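Just below is one structure, and these are the notes that go with it.
The values are calculated or read from the model by the stated rules, or taken from the named source; none is laboratory data. No experiment lies behind these values; they were computed from the predicted model shown. A quick note on method: Cβ atoms are made from the backbone with ideal geometry, for glycine too, and the neighbour counts reach across all protein chains shown. Side chains are part of the model used for accessible areas, which takes the heavy atoms of the whole protein and leaves out ligands, DNA and RNA. Shrake-Rupley method; radii C 1.70, N 1.55, O 1.52, S 1.80 Å.
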There are 2 protein chains.
Amino acid sequence: MKKASIISIGNEVLSGQTIDTNAAYLSSKLLSNGIPVVSSYTVGDDIDSIVRALKLAGDDADVILVTGGLGPTDDDLTRQAFAKFLGVELQLQDELLRKIQDFFTSRALRMPEINKVQAYIPAGADALANSTGTAPGIMAKTMGKLFTAMPGVPSEMKQMFDELVLPKLSKFTTGQAVVVRKLKCFGTGESNIATLLGELMQRGRNPLINCTVHYGIITLHIIATAKEKSDAREMAEKDEKLLTKLLGKLVYGTGEQTLAEVVGEKLAQQNKTVAVAESCTGGAVAKLLTDVPGASRYFTHGWVTYSNTAKTAELGVPAELIEKHGAVSEQVAGAMAKGARERSGADFAIGTTGIAGPTGGSEQKPVGLVYISVSSANEHETKRFVIPGDRNFIRLRAAQTVLNMLRLKS
Amino acid sequence: MKKASIISIGNEVLSGQTIDTNAAYLSSKLLSNGIPVVSSYTVGDDIDSIVRALKLAGDDADVILVTGGLGPTDDDLTRQAFAKFLGVELQLQDELLRKIQDFFTSRALRMPEINKVQAYIPAGADALANSTGTAPGIMAKTMGKLFTAMPGVPSEMKQMFDELVLPKLSKFTTGQAVVVRKLKCFGTGESNIATLLGELMQRGRNPLINCTVHYGIITLHIIATAKEKSDAREMAEKDEKLLTKLLGKLVYGTGEQTLAEVVGEKLAQQNKTVAVAESCTGGAVAKLLTDVPGASRYFTHGWVTYSNTAKTAELGVPAELIEKHGAVSEQVAGAMAKGARERSGADFAIGTTGIAGPTGGSEQKPVGLVYISVSSANEHETKRFVIPGDRNFIRLRAAQTVLNMLRLKS
């Protein structure tokens, strides 16, 4: 089985100023393509350190992926380190220079002189086009191993990896097949999932079942290993079915699906629309829904009625209702949802009100208290939640809970 | 100067299922305590790989911090690897066993047999108490270097590091102090910053000035090193003033400040309010503003008018205007901002409309085209941007641009 090693370059990663999400992205993508990552190195912007890491990674693995250090400034040294490691000179590639100049020209800007350095590539290596930034990547084969350098900016790295590197890798690998399936769940905790699945989650089992949690979204990774891809796929699919049955409605999707995508798909299929009226979530529900391309098919209206005046003026929530029960109450959440549905004419409308903290809580209405209301022509339901955590967690978890309620209703 | 190296252990980190936030936490803490991290390794749950990483890290640095692999299950091998690296046996520590048993007893549970393994520590090494979990840490001195192992669970790791490891380190290190200051900028690119700062960004300079970018937000790290903390602080502060002068209005804040915090503070101080009318940003501006605790002091109303109907009905944007210029136009952005200001009575109102993609672009109106309008009693301005990148990047960068325009107006 081919193996991979990852090198992250940059003082900002080493000093903790940037959390390295690139390594996790690459690891997960490589694993799903049957190439497990066996080691990962982080080094600063220093030629000798990068060269040493390239040697170590080359000892560990067949595919070596480097991110970072391709920018235009003096502290970006990956180009030089690659050249030193390969024992060649850097060469100016005219076509690359034109592309970088075009990048600026198309934005009505002049290329700063320092960007010229990005058009230099180690002799004999290939340049990888960067469709969203100025830093081209580098790909070189040596000693039967594939060394690739990509920009450190996550969006540029992802695009380059998915479009240019991954297609090359599939030709490069043979032997063992790993198939990874993911089940996405919402509505319970990690330990409950472990109890429900019991021995299925035992270490050493094949497929291996792993569990990670992010703002209440539980991802179950089913990792099947076999000699043949078809066998691994069959094993993974069998487990996927079994787990889906065991977990029932807790499972909302597969792969990389988000709750917003699943809800959006359901709404679009049924030709239904949704409007949202948010207080404590402050626009987070609208943002999650509109993160999905094409959301305009089902998402029409959103209100962020943060003040009581806005709740009354924009959604028709009676001032007396707020006075009597408080802005954070079952009644106000319900009135917001109803108001949003009437004003927008949408099939579904939701209302959120709560206390995201850190201050503003009381014994009766603690920080983390959130009311979520879903209103449709036939049904009107308001639920009460108390979400533990900080302001950011409470708001995002509440927004995901809104989407989950919408999923179960629509 | 003493240096540090970090080793993260665990198949879940290597496979990308877990993003390694421990390394960033430790790096940043170590740097502020005058111990820069010079390398970082990630290896799987495998004794030989861990031993090799311990050797490499020991070559690089004086302080070696390991996280992960201290759990009770078979795949937790950090204890064994430490013993092998040190050339000693694992020994059962009775007091440690009692502590682990107490952990369960105090929760009315019986200790599972497998947890007993956590009471074994390499002979001659010290155990570090874990106040929030069952896995004790390990600390050993060898060849004048300090090797420490801590649990991988971030909350347990942080507590152990802050309470037990850091106090030891301050005795271990002498001589050098590092002070880090951060300047936050918005409104230009990294290469322009480099041009503006010129030689100030040269490698090897003290203070060292580093630059990182995140959705258009540029963070300049000023890292000053001196024998005495007071000298380092003075050097950092001097540079901070110099850079602030050179960059002028590009600098919006310091430290960990977000644009939303700075805008919010300005508005609150002036007793002014803001309302937002969003189309392409889909709630992202409202979310950023309300991420800040106490945003209700200045943020009152938000609209996410995703459909043309909503733009007309909620904000009074004339249907003919949309018909004539298209929903993505300077005119509609302006009408949205004006409508939002009239409806809300806020001092400032903003309107956003654009094409976030991936589809819907044309030659005249490409993906990434965004109009942002800011309206106040005295002034009305609409700006046109073309933001390169994917949907997520375009939306978030646009939302930050809104906040920046608001900062410069308020």
Check your understanding: Are there any pairs, at least 6 apart or on different chains, whose C-beta atoms fall under 6 Å, with the first in segment A:235-251 and small (Gly, Ala, Ser) and the second open to solvent by 60 Å² or more (accessible area, probe 1.4 Å) and modelled with pLDDT under 95, and if so, which?
Key -> A:236/A:181
Check your understanding: Any chance segment A:235-256 includes a residue that's open to solvent by less than 70 Å² (accessible area, probe 1.4 Å) and modelled with pLDDT under 95?
Key -> yes
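Given the residues B:191, B:155, B:106, which is the only one that is modelled with pLDDT under 95, in the same structural domain as residue B:25 (by TED's automatic domain parsing) and more than 21 Å from residue B:73 (Cβ to Cβ)? Working first, answer last.
On the way: B:191 fails: in the same structural domain as residue B:25 (by TED's automatic domain parsing); B:155 fails: more than 21 Å from residue B:73 (Cβ to Cβ).
The unique qualifying residue is B:106.
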Exercise for review: Kindly list, by first and then second residue, each pair from a residue in segment B:271-297 that is at the interface with another protein chain (Cβ under 9 Å from one of its Cβ atoms) and under 26 Å from residue B:368 (Cβ atoms) to a residue that is open to solvent by 20 Å² or more (accessible area, probe 1.4 Å) and in a helix (DSSP H, G or I), limited to pairs with Cβ atoms under 7 Å and residues at least 6 apart or on different chains.
Suggested key: B:275/B:341; B:275/B:344; B:282/A:287; B:283/A:287; B:284/A:287; B:284/B:396; B:287/A:287; B:291/A:392
Review point. Of the numbered conditions (1) open to solvent by less than 20 Å² (accessible area, probe 1.4 Å); (2) in a helix (DSSP H, G or I), residue A:302 satisfies every one except a single condition; which is it?
Key: (2)
Review point. Looking at residue B:77, is it in contact with a strand residue (DSSP E or B) (Cβ under 6 Å, 6 or more places away or on another chain), open to solvent by 20 Å² or more (accessible area, probe 1.4 Å) and at pLDDT 90 or above?
Key: no
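Looking at this structure, is residue B:310 modelled with pLDDT of 95 or more, buried (at least 20 other Cβ atoms within 10 Å of the Cβ), in a helix (DSSP H, G or I) and facing chain A (nearest Cβ under 9 Å)? First the steps, then the outcome.
On the way: modelled with pLDDT of 95 or more: yes; buried (at least 20 other Cβ atoms within 10 Å of the Cβ): yes; in a helix (DSSP H, G or I): yes; facing chain A (nearest Cβ under 9 Å): yes.
So residue B:310 fits the description; yes.
Among the residues that make up segment A:152-165, is at least one of them open to solvent by less than 70 Å² (accessible area, probe 1.4 Å) and more than 25 Å from the chain's Cα centre (by Cα)?
Of the residues in segment A:152-165, the ones open to solvent by less than 70 Å² (accessible area, probe 1.4 Å) are A:152-157, A:159-162, A:164-165.
Next, from what is left, pick out any that are more than 25 Å from the chain's Cα centre (by Cα): none.
No; the residues of segment A:152-165 include none that is open to solvent by less than 70 Å² (accessible area, probe 1.4 Å) and more than 25 Å from the chain's Cα centre (by Cα).
Name every residue in segment A:358-373 that is surrounded by 12 or more Cβ atoms within 10 Å (Cβ to Cβ) and touching a Pro at 6+ places or on another chain (Cβ under 9 Å), in order of residue number. Step through it out loud before you land on a result.
Looking only at segment A:358-373, we keep the residues that are surrounded by 12 or more Cβ atoms within 10 Å (Cβ to Cβ), and these are A:358, A:360-361, A:365-373.
Within segment A:358-373, A:358, A:360, A:367, A:368 meet the criteria.
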Check your understanding: In segment B:19-29, which residues are buried (at least 21 other Cβ atoms within 10 Å of the Cβ) and either touching a residue at least 40 places away in the same chain (Cβ under 8 Å) or of a type in the set (Asp, Glu) (or both)?
Key -> B:20, B:22, B:23, B:26
Study note, to complete from the structure: Among the residues of segment B:20-53, the number that are farther than 30 Å from residue B:207 by Cβ and either within 19 Å of the chain's Cα centre (by Cα) or hydrophobic (A, V, I, L, M, F, W, C) (or both) is 5
Exercise for review: May I ask you to say which residue of A:335, A:340 is surrounded by 23 or more Cβ atoms within 10 Å (Cβ to Cβ) and away from chain B (no Cβ under 13 Å)?
Suggested key: A:335
Check your understanding: What tally of residues in segment A:9-41 results from selecting those that are farther than 20 Å from residue B:33 by Cα and out of contact with any Gly (no Cβ under 6 Å at 6 or more places or on another chain)?
Key -> 19
Check your understanding: in contact (Cβ under 8 Å) with a residue 40 or more places away in the chain, surrounded by 18 or more Cβ atoms within 10 Å (Cβ to Cβ) and touching a Leu at 6+ places or on another chain (Cβ under 6 Å), is that true of residue B:260?
Key -> yes
Point to revise | Residues located in segment A:190-234, provided they are without any contact (Cβ under 8 Å) to a residue 12 or more places away in the chain, of a type outside the set (S, T, N, Q) and over 19 Å from residue A:253 (Cβ atoms) | key: A:198, A:199, A:201, A:203, A:204, A:205, A:234
Check your understanding: For segment A:40-58, which residues satisfy the criterion of being crowded, with 24+ Cβ neighbours inside 10 Å and at the interface with chain B (Cβ under 7 Å from one of its Cβ atoms)?
Key -> A:40, A:41, A:42, A:43
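Are there helices (runs of 4 or more DSSP H) fully within segment A:126-229 with at least 1 residues that are over 27 Å from residue A:53 (Cβ atoms) and not small (Gly, Ala, Ser)? List them.
Values: elements: A:154-160, A:166-172, A:190-197.
Fully inside segment A:126-229 and qualifying: A:190-197.
For segment A:112-123, how many residues meet the condition of being of a type outside the set (Val, Ile, Thr), out of contact with any helix residue (DSSP H, G or I) (no Cβ under 7 Å at 6 or more places or on another chain) and more than 10 Å from chain B (Cβ to nearest Cβ)? Give the derivation first.
At the first step, the residues of segment A:112-123 found to be of a type outside the set (Val, Ile, Thr) are A:112-113, A:115-116, A:118-120, A:122-123.
Subset that is out of contact with any helix residue (DSSP H, G or I) (no Cβ under 7 Å at 6 or more places or on another chain): A:113, A:123.
Next, only the ones that are more than 10 Å from chain B (Cβ to nearest Cβ) stay: A:123.
Number satisfying all stated conditions: 1.
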Revision key, fill the gap. Only one of A:376, A:296, A:329 is outside the structural domain of residue A:188 (by TED's automatic domain parsing) and open to solvent by 50 Å² or more (accessible area, probe 1.4 Å), namely A:296
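Is one or more of the residues making up segment A:91-110 within 30 Å of residue B:43 (Cα to Cα) and not charged (D, E, K, R)? Give the steps one after another, and end with the answer.
Within segment A:91-110, the subset within 30 Å of residue B:43 (Cα to Cα) is none.
So far as segment A:91-110 goes, no, none of its residues is within 30 Å of residue B:43 (Cα to Cα) and not charged (D, E, K, R).
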**Study point:** Subset of segment A:266-293 (residues that are over 19 Å from the mean Cα position of the chain (by Cα) and open to solvent by 20 Å² or more (accessible area, probe 1.4 Å))
**Key:** A:266, A:268, A:269, A:270, A:271, A:272, A:273
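Count, please, the residues in segment B:182-208 that happen to be of a type outside the set (S, T, N, Q) and open to solvent by 70 Å² or more (accessible area, probe 1.4 Å). Can you show your working first?
Going residue by residue through segment B:182-208, those that are of a type outside the set (S, T, N, Q) are B:182-187, B:189-190, B:193-194, B:196-201, B:203-205, B:207-208.
Adding the requirement that they be open to solvent by 70 Å² or more (accessible area, probe 1.4 Å) leaves B:196, B:199, B:203-204.
So the count comes out to 4.
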